[in-house]
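To start, the structure under review is shown below, and the notes come after it.
Where a number appears in this text, it was derived from the coordinates with a stated rule and is not lab data. Source: prediction; values computed, not measured. Positions of Cβ are backbone-derived with ideal geometry, glycine not excepted, and every protein chain shown enters the neighbour counts.
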There are 2 protein chains.
Amino acid sequence: MAKLGWKYALCLSSSIFFNILFLSFLLRPQEPRLTWSREAAREAEAIASLSCSGHGRAYLDGLVSQGKPVCLCHTCYEGPDCSDFSPGCPADVDSGDPLFLEPYWMRHAASSAILVAGYHRMSYRYNDSTISTELQKQILQLHAVVGNANTTGRFMVFGTGSTQLLYAAVNALSRDASPSPASVVTAFPFYSVYETQTNLFNSLNSKWQGDSAQWKNVSNPSTNVIEFVTSPNNPDCKLREPVLSGPNVKTVHDHAYYWPHYTAIPAPANEDLMIFTISKITGHAGSRFGWALIKDERVYERMITYVTLNSIGVSHDTQLRALKLLKAIQKDGGKELFEFGYKTIRERWEKLSKRVSASKRFSVPKLAPRYCTYFQKITGPSPAYAWLKCENEEDKDCYAVLKAAGIIGRAGAVFGADSRYVRLSLLKSQDDFDLLMQRIESLVSEEDGPRSI
Amino acid sequence: MAKLGWKYALCLSSSIFFNILFLSFLLRPQEPRLTWSREAAREAEAIASLSCSGHGRAYLDGLVSQGKPVCLCHTCYEGPDCSDFSPGCPADVDSGDPLFLEPYWMRHAASSAILVAGYHRMSYRYNDSTISTELQKQILQLHAVVGNANTTGRFMVFGTGSTQLLYAAVNALSRDASPSPASVVTAFPFYSVYETQTNLFNSLNSKWQGDSAQWKNVSNPSTNVIEFVTSPNNPDCKLREPVLSGPNVKTVHDHAYYWPHYTAIPAPANEDLMIFTISKITGHAGSRFGWALIKDERVYERMITYVTLNSIGVSHDTQLRALKLLKAIQKDGGKELFEFGYKTIRERWEKLSKRVSASKRFSVPKLAPRYCTYFQKITGPSPAYAWLKCENEEDKDCYAVLKAAGIIGRAGAVFGADSRYVRLSLLKSQDDFDLLMQRIESLVSEEDGPRSI
């Protein structure tokens, strides 16, 4: 019986031990349970869990087939999970779509996610304007950390992409141009939107007049001149200074690419009217967000009026997203984003320029290393685009030459340049770049063949 | 000993019972644990849990003070939790901010929340355009359910608010106006943006020419005419037909308010160019989203070009939000939203018009009940605005009269009307409307006093 008692005691004490153990598990401090936000979070995670073979992506607002989200495949990939490569498919490097930054955001999913409530910011306005002051703070902080712009004594205007602000600037700077319209010019080769926008609006106040160079020797032009200065330039990625100066010249500095991924930052830009875009910083081209820093209060007021009458400011959804993204990258002063961005483009440029330098038929610009105040060292070139030239006499239409070889670039003529030039984007996804390199490889390898015959 | 054994057995069996109970709790099927999305969801719920006394709201992108989100108070409320009413504060019913719909979204928090991943839709484009096809589907479905527009054989363009599309239409319809610019006109009183936009862009192709009525007897105008037809009209909320017709007349139908909250829907609108906005449907004015339905393919192509060159389409964040909101309201065919919207505005109008009808000093338009094909019954008027008139000879500046009484409306002159008129918005928050009624009450009660002296 004593033996039985001892067994009982052992059983009971084990059972009590497990009681305590289970109870402590049940009573462990738990995170508060999510309520109304849970379904949205669950849905987003379910979509994100589709890998699409790494050659595509499923989106919350994507196609749904038979109750299941459908993969949106990268160019040249197809099939339900994007695993089928289409061998004849051309390398499309036309657009400046900054998808090379997508992997950064995949890695920072937690710090960059936002949950938007249905009743978030329904009003036309924030407190007293159409601009989020928190976002404004983040932008000022970003410029301070990167050291690419002097923001002191500047007003800030937000735009639906820098695209909206480019013409807002033309509109503001030419508002009292009279009797003859202000001449809108830029140094060639140039980003074509300056021309197409000015022509689209066909204003009495401004007229597209082409290359700045034509105006260089006009010491005192009778009309006002608005010069766009794109630095680094699109398409040739060189740092640029204004060509024109004088009392009748207003300058708009488009600094879309003045960030450490694409160029060494020699010093903070310090101009009267500077335009930036999130597209080329975080890669969120689809969010349509840009800003301008403006010294002259009257120009600022006019640009605010323009954006207000054009679209009643910038979407609050966009402003919320931009705020979260800029906060996310600034957790380490932008270090990881800019290093990743720089490294990616630098490697792409090295590969491409090395392969092209082995060719006599093609060339790309020689770009020099330069001291970057952000990285605090000399950095090699990392241009957003390869401004490729067809050197052979017979290759007058370089775009067609490349197209025949399965490469879709953007023709030099689009930038006001000779048709011997083509812009190749280095900003797209790794799949796009890899395919570009394959095609460049074949093209350059062929070269010795026919030539040696 | 037997007694002891019995006790032991009881203890042991109870203990085992609890073990099984606890274990079954521990092993109960649990929802999959959220990972990267959890923090965003938690943050949104924490912000939403701030009540701000019902007279304000805390937002994800709002001010943070000492690590805590700050309440953004409704007009006339202040203090850390917005509980302090400022007695002297005027009733501000100037803007058409559709905040009356906020309570609907508070009630539908779960079905309207979205979790946006950091890498969501970074590209400039969706599959093959800048337009989300899923959103397009939702819009077509909404028109079909509400029966307010015939979408058959129409092309669709998205805009950064209908604001962007208004001028996109002018631009598209006047592109080949020559030699003289197209005349942009509308019937007075009118929504002032048609005038201010046309003047802002100051195009060679179009010129603001004021009231349609002036052109009525010009049987064949030598220039092209673009007539804006706002139906229901802003500010007087009447259903409108074009004033002008003929081969040189193009008509742009602004149907911002052609939804069951604001008007009976007698029949689907069936015009060549119709413009809509989400602002007045779901109340998300801050999201900046509108669309146009267009019959003529060339006009459609031109409007697409306009929006592309103006802002490279509409923010993908906005499109995602619009998709979710339209999906949420369509769960019951829009029934709850439209009924809530209609009921709210109807009650406000009844209160206001009843009080004003007791006055000889002020009047509002008489609006007739009408059969609504959506509600399938005759509905009483529910106008977005009260188009108030000061009837007394001496009250020439009605805006000033109201302002002196603590009511900020929008002056008739802004709409091209006599200064005896003022537009009062019925769309703002309940706090704003309640305050407006208080002030109207005092104003009307005072009336008999001085008059009887």
Using the count of nearby Cβ atoms within 10 Å as a rough guide to exposure, how do A:ARG298, A:ARG370 rank from fewest to most? A:ARG298, A:ARG370
Kirkwood hydrodynamic radius, computed over distinct alpha-carbon pairs, for the range B:335-445: how many Å, to one decimal? 14.7 Å
Compute the FRET efficiency between A:SER49 and A:ASN199 as 1/(1 + (r/R0)^6), taking r as their Cβ-Cβ distance and R0 = 56 Å, and round to the nearest 0.05. 0.75
Suppose we take every Cα in chain B and form the convex hull; what volume per residue is that in Å³? 236 Å³
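Over the range B:335-445, what is the relative contact order in whole percent, taking alpha-carbon pairs under 8 Å and six or more residues apart? List each step's numbers first, then the result.
Numbers: 151 pairs, mean separation 28.9, N = 111.
In percent, rounded to a whole number, it is 26.
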Eligible aspartates and glutamates near B:LYS250 by straight Cα distance, threshold 19 Å, same-chain separation 8 or greater: B:ASP176, B:GLU195, B:ASP211, B:GLU227, B:GLU241, B:GLU271, B:ASP272, B:ASP296, B:GLU297, B:GLU301
Can you tell me the relative contact order of chain B? Whole percent, Cα pairs under 8 Å, sequence separation 6 or more. 19 percent
Once the cut-off is 21 Å, how many percent of the Cα-Cα pairs in the range B:133-332 end up in the long-distance tail? 50 percent
For A:GLN438 and B:LYS137, FRET efficiency with R0 = 30 Å and r from the beta-carbon atoms, rounded to 0.05? 0.20
Calculated over the range B:285-348: convex hull of Cα atoms, volume per residue (Å³): 131 Å³
From the cross-link list A:LYS324/B:LYS331; A:LYS238/A:LYS354; A:LYS7/B:LYS7, the entries with a Cα-Cα span beyond 25 Å are A:LYS324/B:LYS331
Let me have the relative contact order for the range A:34-88, percent, based on Cα pairs under 8 Å that are six or more residues apart. 27 percent
Give me the angle, in degrees from 0 to 90, between the Cα long axis of helix A:161-173 and the longest principal axis of the Cα atoms of chain A, rounded to the nearest 10. 40 degrees
Long-range share for the protein assembly as shown, i.e. C-alpha pairs more than 41 Å apart as a percent of all pairs, stands at 44 percent
Could you tell me how far the Cα centroid of the range A:396-418 sits from the Cα centroid of the range A:330-361, in Å? 23 Å
Value of [θ]222 nm, deg cm²/dmol, for chain B, DSSP H segments ≥ 4, -39500 (n - 2.57) each, nearest 500: -11500 deg cm²/dmol
Take each of the peptides B:77-86, A:395-404, A:314-323, A:246-255, average the number of other beta-carbon atoms within 10 Å over its residues, and list them starting from the highest. A:314-323, A:246-255, A:395-404, B:77-86
Compute the angle between helix B:38-48 and the longest alpha-carbon principal axis of chain B, please, reported from 0 to 90 degrees and rounded to the nearest 10. 60 degrees
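Taking the Cβ of each residue in B:MET437, A:MET274 as the centre, tally the other Cβ atoms inside 10 Å and list the residues starting with the fewest.
Values: B:MET437 15, A:MET274 27.
Neighbour counts put them in this order, fewest first: B:MET437, A:MET274.
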Mind listing which GluC sites (Glu not before Pro) in the range B:379-453 are in a DSSP loop and have 11 or fewer other Cβ atoms within 10 Å? B:GLU393, B:GLU394
Take the Cβ-Cβ distance between A:ALA400 and A:SER83 as r, set R0 to 30 Å, and report the resulting FRET efficiency rounded to the nearest 0.05. 0.40
Inter-label distance, nm, simple model (7 Å from Cα along the C-beta direction), B:SER192/A:ASN270: 4.2 nm
Semi-axes (Å, rounded, descending) of the ellipsoid equivalent to the range A:155-247 per its C-alpha gyration tensor are 19, 18, 12
For the range B:34-88, what is the Kirkwood hydrodynamic radius in Å, using each pair of distinct C-alpha atoms? 12.0 Å
If each residue of separation counts as 0.36 nm, what is the full-extension length gain between B:LYS238 and B:ARG298 once their alpha-carbon separation is subtracted? 18.5 nm
Sort B:ARG33, B:ARG423, B:ARG42, A:ARG154 so the one with the fewest other Cβ atoms within 10 Å of its own Cβ comes first. B:ARG33, B:ARG42, A:ARG154, B:ARG423
How large is log10 of I(q)/I(0) for the range A:219-296 at q = 0.14, 0.20, 0.26 Å⁻¹ when the intensity is taken from the Debye formula with one equal scatterer per alpha-carbon? -0.50, -0.92, -1.29
If the chain between B:TYR371 and B:ALA110 were fully stretched, how many nm would it gain, using 0.36 nm times the residue separation less the Cα-Cα distance? 90.6 nm
Using alpha-carbon positions, what is the distance between the centroids of the range B:288-310 and the range B:183-213, in Å? 19 Å
Output the 0 to 90 degree angle, nearest 10, between the alpha-carbon long axis of helix B:133-146 and the longest principal axis computed from the alpha carbons of chain B. 70 degrees
